[in-house]
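Colleague: Sharing a structure here in structure tokens format.
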Amino acid sequence: MDDHKDTNENPAGGENHQDKGSHHQHGPGEHDEAVNESDEQRVEQELLEDKAQTAEEGEAALHEQHEHAGHEGEVDTHGAHEGHGEDHGGMHEGHEQMFRWRFFVSTLLSIPVLLYSEMLQEWLGFSVPAFPGSEWINPVFAVVVFAYGGVPFLQMSVPELKDRSPGMMTLISMAITVAFVYSLASVFFPTQSAFFWELVTLIDIMLLGHWIEMRSVRRASSAVDELAKLMPDTAERITDDGETEEVPVSELSEGDLVLVRPGASVPADGIVEEGDSDVEESMITGESKPVSKEPGDEVIGGTINGDGSLRVRVGATGEETTIAGIMRLVEEAQQSKSQTQVLADRAAGWLFYVALAAAVVTAIAWTIAVSFNATVIERVVTVLVIACPHALGLAIPLVVAINTSLAARNGMLVRDRIAMEEARNLDAIIFDKTGTLTEGEHGVVDMATIDGVAEDEALALAAAVESDSEHMIARAIREAAEERNLTAPDATDFEAIKGRGVRANVDGNEVYVGGPNLLTQLDREVPDHLQRFADEAGQNAQTVVYLVREGELIAAFAMADVIREESFRVVDALHDLGIEVAMLTGDSQDVANAVADELGINTVFAEVLPGDKDKKVQELQDQGKLVGMVGDGVNDAPALTRADVGIAIGSGTDVAVQSADVILVQNNPMDVVRLVKLSKASYRKMQENIVWAAGYNVFALPLAAGVLAPIGILLSPAVGALLMSLSTVIVAINAQLLRRVDLSLPDLPGVTPPTDVQTAD
């Protein structure tokens with residue numbers, strides 16, 4: 001690789017070129033049947049613990065959702081929990097499989113109960129053959145369904161009761177327990193009706209809802225694990241006699257001298273003692289181009305060496321390295337996330353108290369009216385059973401499932417549904433500059449030539465010299481020539497001049513391309529016209545590359561990280577939606593200001609070190625703002641995790657994707673606007689579904705209690721079940737309407753609505 005060295009450094013984030021192989025992989029035959037059975041029990045126990053944690057956090061977490069970055073130790077059971085420990089991605093898949101299996105088994109066992117329910121037979125006008133013992137089908141199968149599919153809900157309600165904050169689990173448990181006990185009692189003490197079919201269908205619907213929920217929130221593996229993969233496993237340590245020995249990185253000590261071969265990863269932070277090379281630091285520092293290293297320069301563990309060999313004196317190992325610090329920041333940011341309670345659980349908590357109050361009032365009123373008898377008990381049981389509508393268990397998971405599908409088909413992968421809900425209220429969105437607002441690679445943004453030399457001629461000549469180089473500046477010059485449909489002449493005798501540029505013969509002329517150091521070597525003065533061009537480019541933080549032909553300086557090219565075309569539109573669109581746009585970068589203030597001025601961004605965080613990026617997010621959060629962060633690199637991971645909504649560009653490094661709540665697969669920042677629109681639409685559907693689900697109770701509970709009994713209107717269990725089913729159907733249909741949401745972008749100046757908006761599956 002040739003080297004284009006100049007005086008205008010332009011650090012920014014690039015792509016991570018290191019291969020990230022999967023670690024600790026296990027074959028399917030490693031575990032025997034006994035271990036599998038143990039794993040299934042572990043999965044179920046973990047699930048109950050997850051749900052218990054959710055219940056224990058309770059209502060208080062809702063008031064902290066805008067302050068979570070400042071509270072240590074709070075854990076999102078659907079978020080940070082999955083980012084720690086072993087195989088948590090697989091654990092949530094296990095949760096999903098458990099609920100799915102229980103749903104199918106319970107539904108299969110419910111069929112005989114439905115067929116032999118006298119209410120359904122009378123209601124639907126069918127009959128099934130009776131045989132000796134058939135009267136025991138309903139109680140026996142209902143007991144099995146309750147024990148297999150219902151008991152987990154009872155276990156998950158215990159923490160809610162201990163915390164005195166009843167929610168969905170308490171409401172479900174109350175309904176199925178009352179229905180179960182009353183129905184069993186009716187077998188031995190005959191009453192007007194039993195609730196066996198209501199009991200099994202309620203359990204089936206709740207299992208279905210939790211299965212959908214688990215499928216929607218299942219996540220990928222830990223972000224911290226992805227960070228750890230950047231570090232090599234071994235290092236070549238130089239012994240006292242000058243020989244090298246391969247040792248585990250964990251055995252390196254401060255002061256050791258290590259050899260870093262071309263293309264190898266730097267094993268630890270340290271100082272270069274011998275050698276010259278370019279080091280790819282984009283995955284750590286955000287530099288947009290390889291950084292030249294020579295004796296005395298610092299290198300960072302986990303970065304990739306270029307084509308030269310380096311001897312590095314180790315300065316920090318283990319927990320003291322830069323990458324370890326970033327890992328700690330990611331973990332701290334994950335732990336700082338607060339617990340957000342879903343709307344359905346809040347509604348369930350209110351409904352629990354409403355149901356109990358209605359049951360007490362019903363018992364007192366009917367006892368006064370007709371004295372205490374079986375009718376009073378039946379009324380109270382009817383109220384408590386009807387208090388838990390099937391629809392409430394599906395109100396949120398159905399919307400989440402459709403939301404996730406719709407987002408995916410439009411280039412947005414949602415890893416955290418809580419973040420999707422929060423996106424609707426974002427006050428500010430911070431964009432990482434390089435690779436997000438810009439292309440992450442250099443391009444020719446301007447050029448100047450001396451009199452008598454056309455721009456196309458100079459560009460074609462430079463492209464010819466750079467034809468054999470793979471340096472990013474060489475690629476930028478060739479791409480600029482291709483955009484102008486220029487044909488580069490043939491070049492021969494190509495030579496890379498270390499630290500200065502390249503040389504080649506073109507049409508019999510000796511031609512050089514390089515930075516200011518090249519001119520120093522050639523002892524060439526810069527003409528006034530080109531000097532003014534270079535000074536102006538320097539003020540805009542652009543790199544200048546010169547073209548010299550036969551000893552004469554004939555052209556200068558200004559190079560800069562190219563701003564994405566979409567970036568102009570996304571800033572305008574977000575401003576129109578009332579969202580503040582900020583830019584965060586490790587670049588110099590001049591580079592940052594130049595890009596921000598061009599895009600119309602007022603809030604700029606420049607010269608930000610990797611360890612400080614998440615602090616900039618917290619600065620805005622401390623102002624009471626709900627903050628989104630859009631980035632693509634490892635150095636963005638702590639900020640992505642610290643933000644209320646972390647949004648990763650899909651082409652970014654793996655760790656950025658693992659740290660984010662939402663991944664933009666198409667690498668299009670305009671999808672941030674779609675994300676906000678989808679979040680608003682989804683939250684609106686959740687609210688509507690809660691109203692439909694809970695509204696059923698507003699109507700059904702008073703009728704079940706017998707408010708209109710004096711005029712001959714009394715809600716029977718069968719009619720109550722019909723209304724319960726109707727509310728479930730309405731909720732399901734309303735959730736399906738989310739598929740029709742218009743994700744086209746607002747009609748703004750300079751914003752062209754996309755034509756590729758897709759509907760959900």
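Colleague: From the residues PHE533, ASN517, TYR546, which one has its Cα farthest along the dipole of region 441-565 in the positive direction, the dipole being from +1 and -1 charges on Cβ of Lys/Arg and Asp/Glu about the Cα centre?
Modeller: The residue sitting farthest along the positive end of the dipole is ASN517.
Colleague: May I ask which of LYS625/LYS680; LYS433/LYS613; LYS229/LYS498; LYS433/LYS616; LYS613/LYS677 have a Cα-Cα span longer than 21 Å here?
Modeller: Result: LYS229/LYS498; LYS613/LYS677 exceed 21 Å.
Colleague: Relative to the compact globular guide of 2.2 N^0.38 Å, what is the alpha carbon radius of gyration of region 476-517, as a ratio?
Modeller: Rounded to two decimals, the normalised Rg is 1.27.
Colleague: Hey, another quick one. Compare TYR148, TYR182, TYR353 by solvent-accessible area with a 1.4 Å probe and give them largest first, with all protein chains kept in place.
Modeller: Greatest to least solvent exposure: TYR353, TYR148, TYR182.
Colleague: When the accessible area of region 117-210 is split by element with a 1.4 Å probe, what percent falls to carbon and sulfur?
Modeller: 67
Colleague: A further question follows. Using θ = phi - 60° and the Karplus relation 6.51 cos²θ - 1.76 cosθ + 1.60, list the HN-Hα couplings for region 299-316 in order, rounded to whole Hz, with x at every Gly or Pro.
Modeller: With coefficients 6.51, -1.76 and 1.60, one gets 10, 10, x, x, 7, 10, 6, x, 9, x, 8, 10, 10, 10, 8, 5, x, 8 Hz.
Colleague: Accessible surface of SER371 in the full protein assembly, 1.4 angstrom probe, to the nearest 10 Å²?
Modeller: Counting only protein heavy atoms, SER371 exposes about 60 Å² to solvent.
Colleague: Could you state the number of Å between the C-alpha centres of region 233-280 and region 585-620?
Modeller: 34
Colleague: Using mean Cβ contacts within 10 Å as the protection proxy, how do 237-243, 514-520 order, highest first?
Modeller: Sorting 237-243, 514-520 by mean packing, highest first, produces 514-520, 237-243.
Colleague: In addition: Could you order THR201, THR585 by accessible surface area, starting with the largest, using a probe radius of 1.4 Å?
Modeller: Listed by decreasing accessible area, they come as THR201, THR585.
Colleague: Keeping the other protein chains in place, figure out the carbon and sulfur percent of the accessible area of region 449-528, with a 1.4 Å probe.
Modeller: Its accessible area is 38 percent carbon and sulfur atoms.
The values are calculated or read from the model by the stated rules, or taken from the named source; none is laboratory data. Just so we're clear, the structure is a prediction, and the values are computed from it rather than from any experiment. All Cβ positions, glycine included, derive from the backbone under ideal geometry; neighbour counts span all protein chains shown. Ligands, DNA and RNA are stripped out before the accessible areas are found, and what is left, the full protein with its side chains, is counted by its heavy atoms. Shrake-Rupley method; radii C 1.70, N 1.55, O 1.52, S 1.80 Å.
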